[in-house]
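J.: There's a structure below that I have some questions on.
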Amino acid sequence: MTLPQWLSIATLIGMMGLFVWGRFRYDVTAIIALLAGLALGVVEWEDAFTGFSDDIVIIVGSALIVSAAIQRSGVIEAVLGRVTQYTTQVPSRLLLLTTTVGVLSAMIKNVGALAMLMPAAFQLARKNQTSPAVYLMPMSFASLLGGLMTLIGTSPNIIVSRVREDMTGEPFGMFDYFPTGFGLLIVGLIFLRFSYRLLPTDRQATAQLGDALDISAYVTEVTVPADSPAIGETVAEFGERHDNEVSITGLIRGNMRGEASAYVRLHEGDLLILGGEPDALERVISFDRLVLDGEDRSGLDQGDGIGVLEAVIKADSQLVGRTAGRMLLHERFGINLIAVSRAGEQMTHRIGETVLQAGDVIVLQGPIDLLPDRLGQLGALPLAQRSIRLGASRRGLLPLAILAVTIPLTAMGIVPVALAFFAAAALMIITGALPVDEAYEAVDWPILIMLGALIPVSASLEATGAATVIADHLAIFAAQLPAWGAVAMILVTAMAVTPFLNNAATVLVMAPIAAVFAQQLGYRPEPFLIAIAVGAGCDFLTPIGHQCNTLVFGPGGYRFSDYARLGAPLSLLVILLGTPLILWTWPI
């Protein structure tokens, strides 16, 4: 071995040690590895920042923005809400949730698909009077399996596609992963449908500030427009259609204030006082196309920089004992009061006519950069730990339409994947489907930093010949194995390493080695690259190997050991079925 090869391998071992140690976040560890590579001379100075211009970084960042726009549209949640009306038992609802998140994960980033459907899981858990833990971990695992089906579903698929392009001149296509991923998803869904009972049912979510304040019944004011499906329904029918998650506590028609009797039919132009939890109110308003009070006021056009904030009225606030109408909040402060919650009381007055009290929780809408100052002037404390979507505009089917055009263009090879998804992300912002501020928040910057920093380090393994040296040693051992045993070995190794490195880092480290390993054995590289992607994308044993598992860890109230209870048998299934599926799709 040459000195550069020793130094390259030393850099790799040191980086893996830092990942396992966990002292530094993964993006910082990647930067340390890049600096070490530059200092030791295994990464050339001119190559130091080539990773940040790589297509991988563009695709991952753009896919996160597209996912956020789809999530914000609310269309998937609305459709799912309709379908769940026809399912009542936990197993059937679990199958519906896992199937939905699995399919969506093939079209958008799997972490985005999971985040989109988590509120629905909480809603169904309340209806079934069971712990959300029953739904959340199976949904996370289903999202990981669903992400295996397409190029954009998960970062490992994107990275191995680039490695194949470097080796053969041809990247993996959008649906080259589909046969293997689809087979694993089907088996996984069946397993999760019957094996969810392995999970403990006594887990409780981590308490949030909103829970401590017992904020459960906001009231807000909406108008019924001409195109609303609520027109012609009685108050009772309206409530039943929405599973009684919200209630009409007051109804105003013209200049007449009427009782919200169960048999009163709703007409165009009716002004409704709705009560319910914030998420439920947001879903009903979006699905029925109701017009939230204040949406049509000048100065607040739902463009970039307009948002909502939840706050508590202090005892010395100038709002105490006064109404929003008399305070002229919009005229004097440039903000709207769109919802109020008061413990132990169901309010029936119009929002602008409600006399506010100390301790009331309010939702204000206005310019994001001005809201904190306005709260200080009014004497209210923001609830920064709890975000809500009530009052945030949506663009319905537009994000889905953009995605529906993007995927065929990439699948048919008309437009390169990086360009297509960059254009899709830009269109989401330009059309208002996702405000600029939310687009920046949607991007997982640490992941992009890690990718950009590790790509040159990964390339150094090939440039110095270190990947060949490692592959030679692996080939000596694998020469005694049949072809399926060699593929299975790579698959198991990737699954074992991912919890300690991070799925993207695992692929960046192992993919070049696996490709050379295949060449040494005289095999095609594709089955080994697919095995790396599957192994790195299937961390079912820990909450830290993939963002999806981390996302449900707190809300599900899980313990570290809970993941292995459900994940260990599922990992075994992936190994036993994934290996023949890979070899059937990509002959050795």
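Just so it is clear, none of the values below were taken in a lab; they were calculated from the coordinates. In this text, all values refer to a predicted model and were calculated from it rather than measured experimentally. Neighbour counts run over all protein chains shown; Cβ positions are idealised from the backbone, glycine included.
J.: From the phi angles alone, apply the Karplus equation (6.51, -1.76, 1.60; θ = phi - 60°) to region 145-150 and give each ³J(HN,Hα) in whole Hz, x where the residue is Gly or Pro.
T.: Residue by residue, region 145-150 yields 5, x, x, 6, 7, 9 Hz.
J.: With just the Cα atoms defining each centre, how far is region 17-41 from region 45-78? Give it in Å.
T.: Cα centroid to Cα centroid, the span is 23 Å.
J.: Can you compute 3J(HN,Hα) from phi for each residue in region 183-196, using the Karplus curve 6.51 cos²θ - 1.76 cosθ + 1.60 with θ = phi - 60°, rounded to whole Hz and x for Gly and Pro?
T.: x, 5, 5, 4, 4, x, 5, 5, 4, 5, 4, 9, 9, 4
J.: Taking 0.36 nm per residue of separation and subtracting the Cα-Cα distance, what length does fully extending ARG253 through ASP369 add?
T.: 38.1 nm
J.: Find the percent of Cα-Cα distances in the chain that exceed 34 Å, and round it to a whole number.
T.: Percentage above 34 Å: 47.
J.: Would you mind pulling out the separation of the Cα centroids of region 532-588 and region 79-94, in Å?
T.: 25 Å
J.: Two-decimal Rg/Rh of region 505-588 from alpha-carbon positions, Kirkwood Rh?
T.: On the Cα set of region 505-588, Rg over Rh gives 1.07.
J.: Let me ask another. Search the structure for amide H atoms under 5 Å from the amide H of GLY307, placed 1.01 Å from N in the peptide plane, and list their residues when 5 or more places away or on another chain.
T.: Placed amide hydrogens put GLY366, ILE368 under 5 Å from GLY307.
J.: How far is the Cα center of region 478-517 from the Cα center of region 220-234, in Å?
T.: One Cα centre to the other: 57 Å.
J.: Now for a different question. Quick one: order MET428, MET16 by neighbouring beta-carbon count within 10 Å, fewest to most. Numbers along the way, then the final one.
T.: On the way: MET428 29, MET16 18.
By the 10 Å Cβ count, ascending, the order reads MET16, MET428.
J.: Relative to the longest principal Cα axis of the chain, at what angle does helix 398-411 sit, 0 to 90 degrees, rounded to 10?
T.: Long axis of 398-411 versus the principal axis of the chain: about 20 degrees.
J.: Determine the relative contact order of the chain: mean sequence separation of Cα pairs under 8 Å and six or more apart, normalised by residue count, in whole percent.
T.: Over the chain, the number comes to 21 percent.
J.: Hey, another quick one. Using the number of other C-beta atoms within 10 angstrom as an exposure proxy, rank HIS546, HIS267 with the fewest first.
T.: Going from sparsest to densest Cβ surroundings: HIS267, HIS546.
J.: Moving on. Quick one: which residues, 5+ away or cross-chain, put their amide H under 5 Å from the amide H of LEU383? H built at 1.01 Å from N.
T.: Residues meeting the amide H criterion: GLU310, ALA311, VAL312.
J.: Hey, can you grab everything whose amide H is under 5 Å from the amide H of ALA339? Only 5+ residues off in sequence or another chain; H modelled, so Pro and N-termini drop out.
T.: Distant-sequence amide H within range of ALA339: VAL363.
J.: HN-Hα J couplings of region 471-487 from phi, Karplus 6.51/-1.76/1.60, θ = phi - 60°, integer Hz, Gly and Pro as x?
T.: Values per residue, Gly and Pro as x: 5, 4, 5, 5, 5, 4, 6, 6, 4, 7, 9, x, 4, 5, x, 5, 5 Hz.
J.: Further, regarding this structure: If R₀ is 30 angstrom, what is the calculated FRET efficiency for the pair ILE190 and ALA343, using the beta carbon separation as r and rounding to 0.05?
T.: E(calc), rounded to 0.05, equals 0.10.
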